[in-house]
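A short worksheet on the structure shown next.
Laboratory data are not the source of any read-out in this text; all were calculated from the coordinates shown. Everything numeric here is computed off the predicted structure, so don't read it as measured data. We place every Cβ from the backbone using ideal geometry, glycine too, and count neighbours over all the protein chains shown.
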């Protein structure tokens, strides 16, 4: 059993003893803490909190516990039921609510679930706010409502409203998509994507849809993280159909992976690159991704004479940086598209609509579009250390050793060499340093990562 309490939310496996998993008692405690935080900090005149969930097996149980707790804290609940993460984010603003809770463990296996906490803007709490919620939970100083002030619950479906919001985006060209007469294959890993993605595609004018794993029952047919090794079935489908493109989403539909017409992976890192290419063609401006994302976004941004900026890892850090620099597009290299013209949250629906518009505009095969971008490879490695080693001291020593290069330390240490980079981050849960590196070949990426890993091991002696 596992329970991970962090500033980004509460994540855990279902079942087990109190404090060892995400069970009903722990859920009540953390939801009560969040409700207390919202009551004390949000003053927009609303008393409503939106609750949405993915299709996990534990979702209905969690939904009932969460809604009952919020009502007990005196909040009215707008239950939008089975909904994507970005749908729930948009519903908060459409309802003019004072917050929202998303029940999803994103790409984690079916035994996991999580409470993802939103502010009144439908955006994730920042680090400081998340820390306050955890402190309130630890204190257990909750003030539940008296009988005359218990909250009420209403049920609404925001799927169609989300789709319409996507269709309303000025750079989503429905007529061009319709005229292109695309055939599209999809893998929705038996979660809420199976409800919304076919509806979105039909609304965009796509009539030929090959559906794979679109039954929202929470029985994931493969590891739900959309990585190449998990996407064998849709790759095969692409080779045995006349599909122009394939789309894969994770259980809560905030990440998007693209499959080429020949069954090859477009590459999660390049989802953002391709969408940014399309956006920058029409609305030049700044872009943002996190420090561990591909340099290809920087290259594409500079091609249009615009500025690229990097943020610390984490969606809330990306959106904060995007607001600071007025970015027109941003996101994360895991297939997370954040398009401010829609909202400040990763949204696979927006990504699909913009990519299909791009594909219709380019009139090329998906593989040809992918080949047009700078070629980079990312290696992901780690160095295990003993618990008594001062990881921060090691990172500082690495920073000094490579100070002749461009070094960034807003989130671990990132060393930018002229033709490659290495990013070191310490784990918050175990004595390891994660080492991500990127270069123009996988061997070069692994070699430069290995070189820095050797330095770390020498310093740790």
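For the chain, what does the helix formula give at 222 nm: sum of -39500 (n - 2.57) over DSSP H segments with n ≥ 4, over the residue count, nearest 500 deg cm²/dmol?
-11500 deg cm²/dmol
Just rank 48, 154, fewest to most, by other beta-carbon atoms within 10 angstrom. Can you show the working numbers first?
Values: 48 19, 154 11.
With the sparsest Cβ surroundings first, the list reads 154, 48.
I'd like the distance separating the alpha-carbon centroids of the range 360-382 and the range 151-177, in whole Å.
Computed from Cα coordinates, the inter-centre distance equals 29 Å.
Can you work out the FRET efficiency for the pair residue 408 and residue 64, with r the C-beta to C-beta distance and R0 = 41 Å, to the nearest 0.05?
0.35
Would you mind getting me the FRET efficiency between residue 281 and residue 233? Use the beta-carbon distance for r and R0 = 45 Å, nearest 0.05.
0.85
Could you tell me what % of all Cα pairs in the range 137-280 have separations over 23 Å?
In whole percent, the share of Cα-Cα pairs in the range 137-280 beyond 23 Å is 44.
Grab the Cα-Cα distance for residue 153 and residue 138, subtract it from 0.36 nm times how many residues apart they are, and report the gain in nm with one decimal.
2.7 nm
Over all directions, average the projected area of the Cα convex hull of the range 162-371 and note it in nm².
With the hull built on Cα positions only, its mean projection is 10.1 nm².
Just the ratio, please: alpha-carbon radius of gyration of the chain over 2.2 N^0.38 Å, N its number of residues.
Details: Rg = 22.2 Å, N = 461, 2.2 N^0.38 = 22.6 Å.
Ratio of Rg to 2.2 N^0.38 Å for the chain: 0.98.
Just check the range 322-424 against the gyration tensor rule for me: Cα atoms, a ≥ b ≥ c as the square roots of the eigenvalues, rounded for a/c under 1.5, and otherwise prolate or oblate depending on whether a/b exceeds b/c.
It comes out prolate by the Cα gyration axes.
Under a point spin-label approximation (7 Å from Cα along Cα-to-Cβ), what is the residue 43-residue 447 distance to one decimal in nm?
Here the modelled spin labels are 6.0 nm apart.
For the range 97-202, what is the Kirkwood hydrodynamic radius in Å, using each pair of distinct C-alpha atoms?
It works out to 18.0 Å.
Considering only DSSP beta bridges whose two residues both sit in the chain, what percent are antiparallel, to the nearest 5? Walk me through the numbers before you get to the answer.
Values: 44 of 74 bridges.
Restricted to the chain, the bridges split so that about 60 percent are antiparallel.
When you count, for each residue, the other Cβ atoms within 10 Å and take the mean per peptide, how do 49-58, 80-89, 111-120 rank with the highest first?
Result, highest mean Cβ count within 10 Å first: 80-89, 49-58, 111-120.
Separation of the range 43-113 and the range 402-434 by C-alpha centroid, Å?
The range 43-113 and the range 402-434 have Cα centres separated by 36 Å.
Under the 0.36 nm per residue contour assumption, what length would be gained going from the current alpha-carbon distance of residue 417 and residue 380 to full extension?
11.6 nm
Note the full-extension length gain between residue 264 and residue 126 as 0.36 nm times their separation in residues minus their Cα-Cα distance, in nm to one decimal. Present the calculation step by step, with values, prior to reporting the outcome.
On the way: separation 138, 0.36 × 138 = 49.68 nm, distance 3.70 nm.
That pair, residue 264 and residue 126, stretches by 46.0 nm at full extension.
Could you tell me the calculated FRET efficiency between residue 388 and residue 93, based on Cβ-Cβ distance and R0 = 45 angstrom, to the nearest 0.05?
In this case the efficiency is close to 0.40.
Given axes a ≥ b ≥ c from the Cα gyration tensor, I'd like to know whether the range 214-282 is rounded (a/c under 1.5), prolate (a/b larger than b/c) or oblate. Each step should come with its number before you reach the end.
Working: a/c = 2.12, a/b = 1.36, b/c = 1.56.
Oblate.
Starting from the 7 Å offset along Cα-to-Cβ, what nm value, one decimal, do you get for the label separation of residue 167 and residue 215?
The two pseudo-label positions are separated by 2.9 nm.
Mind checking the alpha-carbon convex hull of the range 37-140 and giving the volume per residue in Å³?
102 Å³
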